[in-house]
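Note sheet for the following structure.
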Amino acid sequence: MSNGIWHERAATIKIDGRAFINGERVPAKSGATFDNISPVNGKKIGDTARCDSADVDATVLIARAAFDDRRWAGKSPSERKKVMLKFAELIRVHGDELALLETLDMGKPIKYSLSVDVPSTARCVQWYAEAIDKVYDEIAPTNDQTLALITREPVGVVAAIVPWNYPMIMASWKIAPALAMGNSVILKPSEKSPLTALRLAEIALEAGIPAGVFNVLPGFGHEAGSALALHNDVDCIGFTGSTRIGKKIMEYAGQSNLKRVWTELGGKSPNIVCADCPNLDEAVESAIGSIYFNQGESCNAPSRLFIEESIKDEFIAKALALIPSFVPGDPLDPNTVMGAIVDHIQLNSVMGFIDSGKAEGATLLAGGHQSRTESGGYYVEPTIFADVNPSMKIVREEIFGPVLSIMTFTHLDHAIREANNTAYGLQAGVWTSDIRKAHHAARSLRAGTVHVNQYDNDDMTVPFGGYKQSGNGRDKSLHALDKYTELKTTWINL
Ligand code: NAD
């Protein structure tokens, strides 16, 4: 499809930033809105409802009523499965529209909204739909005089608070397992990218998820978000976002009803390339492709690269040769692979990190500037720093932008020690042909996922989450169902 077609569609697409409560689009109770600015060109594309604690109070009552009358939880797993399969199918049917909204809202290339975000979201909903009727309860091995049944029940009202970097996918990782288990859900998308979450709720209703079961409250974190996290009738929070806000959410739970809090937080993932890596070209392509995918705005981006000293020059030469293919372009052009940074706040933050790298003495090998400023949007060149040391801010803190920091090592154990020298523990990579080194590194790296001789494999069947301050839960896979269920033991005297 040519570049022009997506621009034509963008000019006419319906943008509706109103909340979705009890099966209907409604404004915030206060009537307040805020501007939705597209990072593609810096222009306003619509108004977003500015929900606050009054909307949260009303929506929690609705979600609670939907849970208590069992209009969704009371359906058999096979009935819920049927509806959720329809939901997944309709996500695919509305794929072009959802992809365009995602690109306009957060700036990612339309190519990836179409080929990654929409299919991954549909697959997540489908996967949990297909899982529901394969989850069995248990009978404990007690004695002949009693039966001890261990059954799963939905938690109740689940609030899902999600970030802007993969708005639909992050929403689906929460809502799909929570809905599958029969909960009522209130989704709070990021104020920076609310549009696809709102459309997902409409599509869910069209598929047959009853009104009141899946609600979406757009708004700011310090208003709608904190009101949800502090609410005494919310039973569980599924949170994905920064470590800083994750800590606040846990505090809010402690200040209120001690609701269950599951956190998927930030990362500063290491990627270790040994001189005996099986294929240097593949290692370079993966390292560069993974850090720049989604403009570097990925929690698991391998932003700290450790290269064995003896292959440093060759690796860097190959990496620099790839840089031109990641030059930012118009996100609505189907050939673009690197789009816009989500907003001017994030743009300034990324540029601040680049300035700090320069000021602290790192060597800038590529990029380092804004680009496409004439578009009015927010774009940053793919950037590489070398001669980086572990005390620099660009190595210690999550940048969440297209910035790679390169360090070298001569002994694998030193690289592993430095790789673990971080508050985060989301993912890690190691490249070597030596199975013993690979196994040793995989065992020693403190991360929820370790990749060996690749970096970007992912699947619904495997858990996704972090060690340390990267969070306490796991999204995806059957393990995520545990987050949205209570275990009940029923003793029966025979
Ligand atoms: P953020 O923490 O600023 O915001 C996340 C969500 O929390 C948003 O919806 C926001 O409105 C809300 N929020 C903000 N303040 C709040 C408050 N006081 N109370 C309640 N809610 C509040 O994060 P972000 O900038 O949207 O996203 C980027 C972060 O998300 C990065 O740190 C990234 O690593 C992380 N992330 C983690 C994963 C993972 O699976 N581990 C996946 C994607 C993103």
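Which one is farthest from the ligand (Cβ to nearest atom) among residues in segment 277-329 that are β-branched (Val, Ile, Thr) and farther than 25 Å from residue 112 by Cβ?
311
Is it fair to say residue 372 is more than 17 Å from the chain's Cα centre (by Cα), charged (D, E, K, R) and either surrounded by fewer than 16 Cβ atoms within 10 Å (Cβ to Cβ) or at pLDDT below 95 (or both)?
Spelling it out, it is not the case that residue 372 is more than 17 Å from the chain's Cα centre (by Cα), charged (D, E, K, R) and either surrounded by fewer than 16 Cβ atoms within 10 Å (Cβ to Cβ) or at pLDDT below 95 (or both).
Return only the number of the condition from (1) of a type outside the set (Asp, Glu); (2) surrounded by 24 or more Cβ atoms within 10 Å (Cβ to Cβ); (3) within 11 Å of the ligand (Cβ to nearest atom); (4) not in a loop (DSSP other than H, G, I, E, B) that residue 222 does not satisfy.
Residue 222 satisfies all of (1) of a type outside the set (Asp, Glu); (2) surrounded by 24 or more Cβ atoms within 10 Å (Cβ to Cβ); (3) within 11 Å of the ligand (Cβ to nearest atom); (4) not in a loop (DSSP other than H, G, I, E, B) except (2).
Name the residues in segment 469-493 that are surrounded by 20 or more Cβ atoms within 10 Å (Cβ to Cβ) and free of Cβ contacts under 8 Å to residues at least 24 places away in the same chain, would you?
Matches in segment 469-493: none.
How about segment 125-194: which strands (runs of 3 or more DSSP E) wholly inside it have at least 1 residues that are outside the structural domain of residue 298 (by the TED database), among the small types (Gly, Ala, Ser) and within 14 Å of the ligand (Cβ to nearest atom)?
157-161
Which one of 196, 243 is within 24 Å of residue 119 (Cα to Cα) and of a type in the set (Ser, Thr, Tyr)?
Going through 196, 243 in turn, just one is within 24 Å of residue 119 (Cα to Cα) and of a type in the set (Ser, Thr, Tyr): 196.
Among 307, 291, 323, 354, which is under 20 Å from the mean Cα position of the chain (by Cα) and either closer than 30 Å to residue 100 by Cα or crowded, with 23+ Cβ neighbours inside 10 Å (or both)?
Criteria check complete, one pass: 291.
Go through segment 196-219 and give me each residue that's among the β-branched types (Val, Ile, Thr), in a helix (DSSP H, G or I) and either over 20 Å from the mean Cα position of the chain (by Cα) or within 9 Å of the ligand (Cβ to nearest atom) (or both).
Residue satisfying the conditions is 203 alone.
When you scan segment 405-444, how many residues do you find that are under 22 Å from residue 465 (Cα atoms) and hydrophobic (A, V, I, L, M, F, W, C)?
Number satisfying all stated conditions: 10.
Considering only segment 375-412, state which residues are among the β-branched types (Val, Ile, Thr) and over 26 Å from the mean Cα position of the chain (by Cα).
Hits for segment 375-412 are 388, 408, 410.
Could you give every pair whose Cβ atoms fall below 7 Å, whose first residue belongs to segment 277-302 and is part of a helix (DSSP H, G or I), and whose second residue is surrounded by fewer than 23 Cβ atoms within 10 Å (Cβ to Cβ) and of a type in the set (Val, Ile, Thr), counting only separations of at least 6 or pairs across chains?
280/311
The values are calculated or read from the model by the stated rules, or taken from the named source; none is laboratory data. Quantities reported herein were computed from a predicted structural model and do not represent experimental measurements. Cβ atoms come from the backbone with ideal geometry, glycine included; neighbour counts cover every protein chain shown.
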